[in-house]
Amino acid sequence: MDRHKESVYRFLVALRTGSDDAEDALQECFVSAWRSAGTYQSSSSARGWLCSIARNALKRQHRRRAGEPIVMDPLEKLGERAGWGVTSDFSARFEAGNELECAMGQRSREKREVVVLRDLEGLTGEEAALALGLSLAAMNSQWHRGRLRLMGLIRTGGGG
């Protein structure tokens, strides 16, 4: 617990839940991990396994309402918003402010998860896929789309 609690907590907080929600999910995560320690397979990363448990604990706290639509933007549209083919550089504006934080705040928890695990927490593709309960291909697709959406928000000023 001592080794991984900060990383798991950062993951939960990065999903933009209230700090109380993150603390509750963290506590539930480690209680669940203790109870199911016998199911842990040493071939997978302990941090990835704990992030998976934490994610599920958080999901239980915030179940999606039945009938909520899932919108899938075409990849070309995401690419255009992210600046594919545009020569102007927005890195100075990005570095000058909290554009990423604002853009992340506009994404739903589910749409932030993969970006947080891969880019902020540094999990491998396999670890992130395991934590999210996805195939590696599905995780990579969500990661790519998530990054494009964030770039589009930052580029168009929607991040701040």
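The values are calculated or read from the model by the stated rules, or taken from the named source; none is laboratory data. Note that this is a predicted model, so its numbers are computed, not measured. Quick reminder, even Gly has a Cβ in these numbers, built from the backbone with ideal geometry, and neighbours come from all protein chains shown.
Before moving on, here are some points about what is shown:
- Positions within region 14-53 being of a type in the set (Val, Ile, Thr) and crowded, with 17+ Cβ neighbours inside 10 Å, in sequence order: Thr17, Ile53
- Applying the set (1) part of a helix (DSSP H, G or I); (2) without any contact (Cβ under 8 Å) to a residue 24 or more places away in the chain; (3) over 21 Å from Lys59 (Cα atoms) to Leu150 leaves exactly one unmet item: (2).
- Just one of the numbered conditions (1) more than 29 Å from Leu148 (Cα to Cα); (2) at pLDDT below 85 is not true of Glu95: (1).
- Looking only at region 45-70, and only at residues there that are of a type in the set (Lys, Arg) and modelled with pLDDT under 85, the one that is nearest to Val13 (Cα to Cα): Lys59
- Residue list for region 4-24, restricted to those being over 23 Å from Gly125 (Cα atoms) and part of a helix (DSSP H, G or I): Ser19, Asp20, Asp21, Ala22, Glu23, Asp24
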